[in-house]
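Beneath this line is the structure, given in structure tokens, with notes to follow.
Readers should treat all values here as calculations from the given coordinates under stated rules, not as data from a laboratory. Here the structure is a predicted model, which is why all the values come from computation and not from measurement. With ideal geometry, Cβ positions are generated from the backbone for all residues, glycine too; neighbour counts draw on all protein chains shown.
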Amino acid sequence: MLEILGYDGTTITLLDQEAVGEWLAQAGARLWLRGSALTEAELTWLKQYFSLSMGAKEEWPAAAAFLHPTPRFIIAQLPLPTGTPLRFWLGQSVLITQEEERLRPLDPLWQLYQTDLSRWPYGLDYLLYQLFTHLLPLTTNELNRLHSLGESSSLTAAPQVLAQGIHQMAHWQHNLSQWQQLTQALARLEHPWLDTNTAHQFAHLHQQITAHQQAAALTHTCLEHHLTQQTRQQTALYQRRLLWLTGLILLGLSLLLLTFWLTM
């Protein structure tokens, strides 16, 4: 599905593909083209109309952050924990976003830009920044859940739960590292379509993500410590049970030998 939102300085309009050319001919006009689960026909139209590169799915780096500035577009890919990355092309008057599957956290932002005229004058680069802030909770909410598992009260958690938490934490840490790379690259990027103020906002977002990454590393360490403690406790318990069982077996054998000796 391809949705097109247009702003001309005074109005916001939902457009179809045929109206894009006439709309962009207006001074100060801007477009947000949001594609989710695009058909081949829609993808072909986007590539041909805007002369897009890196359009085919197999041409993108797998599960990795990617930034490629060109004179016409800033092209990038943001990996998401859902496994469905966000790809975007930021131009002078257009922002094209591509979602392999519809990203529900972006729906409220789409609705805001569909109704709130005051947001558009800040620029499409600021819209891009807001896309990042709306998607970041996909990762941070899960990190908060795992952090609660890593607290001291979780010493009672089953080893299987802790081991699963460690595996999941490694996944989220990898995802955060991709966010770190891309936000840092955008913060340092000098490009006509990226305002200096927006670059500073990306720098601030990079700092927030770095703080989340440090907290995730600490939680990872806590989970590993708890798992080690649980393993030691279970090993000690098994050893005690084995000693009791061995003692009972030896006692039984002793009684059996005594009975045999007395009956001789």
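In the stretch 1-30, which residues are buried (at least 17 other Cβ atoms within 10 Å of the Cβ) and closer than 17 Å to GLU99 by Cβ? Those that are buried (at least 17 other Cβ atoms within 10 Å of the Cβ) and closer than 17 Å to GLU99 by Cβ: LEU2, ILE4, LEU5. Among the residues in the stretch 37-56, are any closer than 25 Å to GLN201 by Cα, touching a residue at least 12 places away in the same chain (Cβ under 8 Å), more than 17 Å from the chain's Cα centre (by Cα) and crowded, with 18+ Cβ neighbours inside 10 Å? No, the stretch 37-56 contains no residue that is closer than 25 Å to GLN201 by Cα, touching a residue at least 12 places away in the same chain (Cβ under 8 Å), more than 17 Å from the chain's Cα centre (by Cα) and crowded, with 18+ Cβ neighbours inside 10 Å. With respect to PRO79, determine if the residue is free of Cβ contacts under 8 Å to residues at least 60 places away in the same chain, in contact with a Pro (Cβ under 9 Å, 6 or more places away or on another chain) and either more than 19 Å from GLU3 (Cβ to Cβ) or of a type in the set (Lys, Arg) (or both). Taking the combined requirement at face value, the residue does not satisfy it.
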